[in-house]
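Beneath this line is the structure, given in structure tokens, with notes to follow.
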Amino acid sequence: MSLPQKDVYLVIGGSGFLGRHIVDKLLARGDVVSIFDIVQRYHDVPFYSGDISEESQVAQAMQKSGATCIIHTASPPHGIDDPALYWKVNVDGTQAVINAAVANGLRKLVFTSSAGVVFNGEDLVNIDERLPPPEKSMDAYNESKAKGEELVLAANGKGGLLTVALRPSGIFGPGDRQVMHGLSQVFERNQTNFQIGDNNNLFDWTYVTNVAHAHLLAADKLVPPKQLSEQETSNIVNYYLPT
Ligand code: NAD
């Protein structure tokens, strides 16, 4: 039996906080990986400079890197007052990534969405991925992330491309440029007496290396569904039938 071909990775947004941790994890397990980003911060892996909203730039990086699996983590940061930029990058840019991946016969696309896509301002307790985004998103960032996610999931199977989207909650850890910076500014402004709600609010946080690990697991598990034999199908049906 021949072993499945090893994937070659292109991490879009690989100069960023999460993207870099994904690159580190791929390198640590001996995988071949390149980065596509608008800025270059590292020089240890092949780097392709470009903007995901330019399909030809993405396509060129896919061809040159020989990628079979895209991990797409690029996005403008949350909290910018520029809805058009969010739409351009997270919706049009994600569509360009999908188009280029299908046109170039790539096997896999892992998309970093956000837990914020299902937030509606109410408490969300014990929810899972079946919860759809609310009619009205909380802001332009979350609206664009929800739309990007929808495009990625709808592309599953197109030209043999397999897709998956992950929805991390708040991410913290080494290399973060947003969360700790914001918190330290609040502290420096002496705003430590401010309290939102009754001090029992909860928010989910995940350590960045765990989020990176989840992306590798998602990529590894993106395999075409197995064709079941008649016997296997009947075993499954019998398992679920009431005894
Ligand atoms: P980051 O800003 O550190 O990294 C994003 C990277 O994308 C940057 O290197 C940036 O240069 C690149 N980029 C932006 N626009 C681009 C474009 N048009 N073309 C190519 N590259 C572009 O952000 P992060 O915190 O690492 O977030 C990574 C992903 O995780 C994002 O998709 C974000 O929506 C998602 N996310 C982040 C958090 C969090 O708490 N940080 C939580 C949930 C989801």
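Tabulated values for the structure
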item: Complete set of residues in segment 50-72 that are near the ligand (Cβ under 9 Å from one of its atoms) and not in a helix (DSSP H, G or I); result: GLY50, ASP51, ILE52, SER53, GLU54, HIS72
item: Single residue of VAL39, VAL91, VAL32 found to be among the aliphatic types (A, V, I, L, M) and more than 15 Å from the ligand (Cβ to nearest atom); result: VAL32
item: Scope segment 17-43; condition over 24 Å from LYS221 (Cα atoms) and either touching a residue at least 12 places away in the same chain (Cβ under 8 Å) or assigned to a helix (DSSP H, G or I) (or both); matching residues; result: ASP37, ILE38, VAL39, GLN40, ARG41, TYR42
item: Test: residue in segment 61-73 that is touching a residue at least 24 places away in the same chain (Cβ under 8 Å), in contact with a helix residue (DSSP H, G or I) (Cβ under 8 Å, 6 or more places away or on another chain) and open to solvent by 20 Å² or more (accessible area, probe 1.4 Å); result: yes
item: Filter result for ILE80 (open to solvent by 60 Å² or more (accessible area, probe 1.4 Å), within 21 Å of GLU149 (Cβ to Cβ) and either more than 9 Å from the ligand (Cβ to nearest atom) or at pLDDT 95 or above (or both)); result: yes
item: Residue that is surrounded by the most Cβ atoms within 10 Å (Cβ to Cβ), among those in segment 1-41 that are of a type in the set (Lys, Arg) and over 16 Å from the mean Cα position of the chain (by Cα); result: ARG41
item: Residue in segment 67-84 that is closer than 20 Å to THR163 by Cα, in contact with a Leu (Cβ under 6 Å, 6 or more places away or on another chain) and hydrophobic (A, V, I, L, M, F, W, C) present; result: yes
item: In segment 189-212, residue least open to solvent (accessible area, probe 1.4 Å) [restricted to those that are touching a Gly at 6+ places or on another chain (Cβ under 7 Å) and assigned to a loop (DSSP other than H, G, I, E, B)]; result: ASP204
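The values are calculated or read from the model by the stated rules, or taken from the named source; none is laboratory data. As the structure is a prediction and not an experimental result, all values here were calculated from the model. Every residue, glycine as well, gets a Cβ built from its backbone with ideal geometry; the counts of neighbours run over all protein chains shown. Areas reflect the complete protein model, heavy atoms only, side chains present, ligands, DNA and RNA absent. Shrake-Rupley method; radii C 1.70, N 1.55, O 1.52, S 1.80 Å.
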